[in-house]
Amino acid sequence: MRPVAEIQWVNPNLVVWGGYDPDCKVDCCSTAVRSEDGWVVIDPVPLSNGALAELLQHAVPCAILLTSGNHERDSGFWKKTFGIPVIAPEGAQGEVEADRWIRSGDTLPGSARCIELPGGAEGESAYLITGALILGDAIINLSGLEILPSKYCRDFSQLKKSLQSLRARLPPARFASRMVGRLSPKRLPRWMCFWIGFDIGKNAGILSGS
């Protein structure tokens with residue numbers, strides 16, 4: 001896909017960018033979360049030189065995290081350019097190249113934590129970092145917010161249970177309460193999404209990445 005020309009600042013520590021990928025025929029989204037170690041870059045799609053320069057004005061990248069075996073994307077560029085590791089879920093082995101394989105509960109650069117979501121794509125996982133929970137494809141925003149369709153899941157019922165379990169384990173997020181008032185899925189571009197709360201059946205309070 002073409003390099004994305006603009007990044008979007010959700011808050012001073014959270015940046016997103018994305019665009020249409022003609023190879024997979026879908027909008028793809030990436031996230032960078034600023035931690036005390038630097039930018040933790042998640043599922044990176046290509047950035048233009050100008051957009052990358054803007055990001056680097058505020059911090060340097062410290063790690064690349066992948067949410068599944070489908071999201072290697074431009075991670076090779078980030079690894080080569082900045083000398084940082086590619087970190088991916090254990091279940092994605094054989095699908096992507098990584099320097100480290102991780103499981104639920106592992107602590108990562110930027111104090112990020114991996115949370116596996118069995119039932120989704122290979123290695124489907126979320127990351128909890130600096131108060132934000134970042135999802136890959138477990139919840140998508142196409143014609144509306146929904147769980148990843150069953151044809152793309154290893155086990156759709158298991159994915160639903162994984163998301164229910166995840167919601168039950170999370171503390172209330174102040175980030176979520178601030179964001180819900182300003183943004184709604186209907187007002188966002190398809191790719192510009194973050195998970196900030198999930199209620200199975202209501203699909204309320206979600207801004208989720210695809």
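What follows draws every value from the coordinates through simple rules; no lab data is involved. Predicted model, so just to flag it, every value in this text is computed and none were measured. Using ideal geometry, Cβ is built from the backbone for each residue, glycine included, and neighbour counts are taken over all protein chains shown.
Could you quote the convex hull projected area for the stretch 1-152, Cα atoms only and averaged over all directions, in nm²?
If I average the Cα hull's projected area over directions, I get 8.6 nm².
Of all beta bridges DSSP finds with both residues in the stretch 1-115, what is the antiparallel percent, to the nearest 5?
60 percent
Shown here for the stretch 12-86: trypsin sites (Lys or Arg not before Pro) in loop regions (DSSP other than H, G, I, E, B) with at most 16 other Cβ atoms within 10 Å, namely 25.
Judged by the mean number of other Cβ atoms found within 10 Å, the most tightly packed of the peptides 47-60, 152-165 leads the ranking 152-165, 47-60.
Let me check I've understood the local charge: for residue 106, count other residues with C-beta under 11 angstrom from its C-beta, Lys and Arg +1, Asp and Glu -1. What total comes out? All intermediate terms of the calculation are to be shown ahead of the outcome.
Working: positive: 100, 103, 113; negative: 90, 116.
So the surrounding residues net to +1.
Using a cut-off of 14 Å between beta-carbons, work out the net charge of the residues near residue 64 (Lys and Arg +1, Asp and Glu -1, residue 64 not included). Net charge in that neighbourhood comes out at -2. Just so you know, the Cα atoms of the stretch 76-160 work out to an Rg and Dmax of 13.8, 40 Å. Candidate cross-link partners of residue 79 among the aspartates and glutamates, defined by an alpha-carbon separation under 12 Å and a same-chain spacing of 8 or more, comprise 97, 99. For residue 21, nonlocal amide neighbours, meaning residues 5 or more places apart or on other chains whose placed amide H falls under 5 Å from its own, are 26, 27, 28.
Simple spin-label estimate for residue 165 and residue 130 gives 2.9 nm between the two label positions (7 Å along the Cα-to-Cβ direction from each Cα).
Suppose every Lys and Arg Cβ carries +1 and every Asp and Glu Cβ carries -1, with no other charges. What dipole size does the stretch 1-96 come out with about its Cα centre, to the nearest 20 debye?
For this selection, approximately 180 debye.
Taking the Cα centre of the stretch 24-172 as origin and assigning +1 to Lys and Arg Cβ atoms and -1 to Asp and Glu Cβ atoms, the resulting dipole is close to 320 debye.
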